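The values are calculated or read from the model by the stated rules, or taken from the named source; none is laboratory data. Just so it is clear, the model here is predicted, and its values are computed rather than measured. Note that each Cβ is placed from the backbone with ideal geometry, even for glycine, and that neighbours are counted across all protein chains shown.
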Amino acid sequence: MALLGVNIDHVATLRQARRESDPDPIKAALICQQAGADSIVAHLREDRRHINDNDVKLLRERLSIRFNLEMSIAPEIVNVACKLKPEQVTLVPERRQELTTEGGLDVIKQFKRLKLACAKLKDHGAEISLFIAPDKAQIDRTVDLNVGIIEIHTGCYAMAKTIAARNKELKRIIQMTAYASKLGLVVNAGHGLKYDNTTPIANVPGMHELNIGHSIISYAVFAGLAQAVKEMKELAQARV
Ligand code: PXP
């Protein structure tokens, strides 16, 4: 059975729409923890567009489950992580213009920079995960970095337009999970996983943990909307 890491970035995105304190991503993380999440994921982006430095500090202090800090290898962010000492860091590529993390790391091209960042993070005790495509060459180069975990980017699987294309992607993920597991890596997966496409990925032999954000936060809006309206209607009709 795969573990579940919940990404709470989108709660912070909603907060930033008003630059106020609600909805509070820390409160969201504690609800996820209470509901059975195995870890909480938050991406401290270089532009701080959603999660900010205070959020990651509070998450580190208040969570009793694992905190997985998603981050780029920009030196400033690596310094924040070294001070914060989360239980896990997940290294991802980051582009200022992107709406979300669009692809995996190119471990081959970025090898030298990744090696430096990983050495520094390891010195500060972080378990390191690399977000990569389900690709043999990327996995091989990851092994050379001496990190223990990969997270397979499931975007191509999730975005596949036909059943045949989706099955092809699933097969690739199954093969690459087996390959990476054999090399001693722990294998996680994430990106674009929803209520109707998660179970096949959870059943990939050797799959350790799934990291899911957008679909859970989206569903939560509708799961809670009727209650929110009822309570506000009661207030609108209450006598002082
Ligand atoms: N894992 C990583 C490394 C990601 O960058 C993201 C997106 O922030 C996710 C998982 C979660 O993706 P989604 O929000 O599509 O569930």
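Those helices (runs of 4 or more DSSP H) of segment 116-225 in which at least 3 residues are away from the ligand (no atom under 11 Å from the Cβ), considering only elements entirely within it, cover 136-144, 163-182, 198-202. Residue count for segment 19-47 satisfying the condition of being away from the ligand (no atom under 13 Å from the Cβ), basic (Lys, Arg) and either at pLDDT 95 or above or under 16 Å from the mean Cα position of the chain (by Cα) (or both): 1. Of all residues in segment 153-176, those satisfying the criterion of being touching a helix residue (DSSP H, G or I) at 6+ places or on another chain (Cβ under 9 Å) and in contact (Cβ under 8 Å) with a residue 40 or more places away in the chain are Thr154, Tyr157, Gln175, Met176.
Being buried (at least 22 other Cβ atoms within 10 Å of the Cβ) and either more than 25 Å from Ile132 (Cα to Cα) or of a type outside the set (Lys, Arg) (or both) is the requirement here; does Val107 meet it? For Val107, the condition - buried (at least 22 other Cβ atoms within 10 Å of the Cβ) and either more than 25 Å from Ile132 (Cα to Cα) or of a type outside the set (Lys, Arg) (or both) - is met. Within segment 34-60, if we keep just the residues that are in contact with a Lys or Arg (Cβ under 9 Å, 6 or more places away or on another chain) and within 29 Å of Met1 (Cα to Cα), the residue that is surrounded by the most Cβ atoms within 10 Å (Cβ to Cβ) turns out to be Ile40. Screening Glu61, Glu102 for residues that are in contact (Cβ under 8 Å) with a residue 24 or more places away in the chain and either within 16 Å of the ligand (Cβ to nearest atom) or among the acidic types (Asp, Glu) (or both) leaves exactly one candidate, Glu102.
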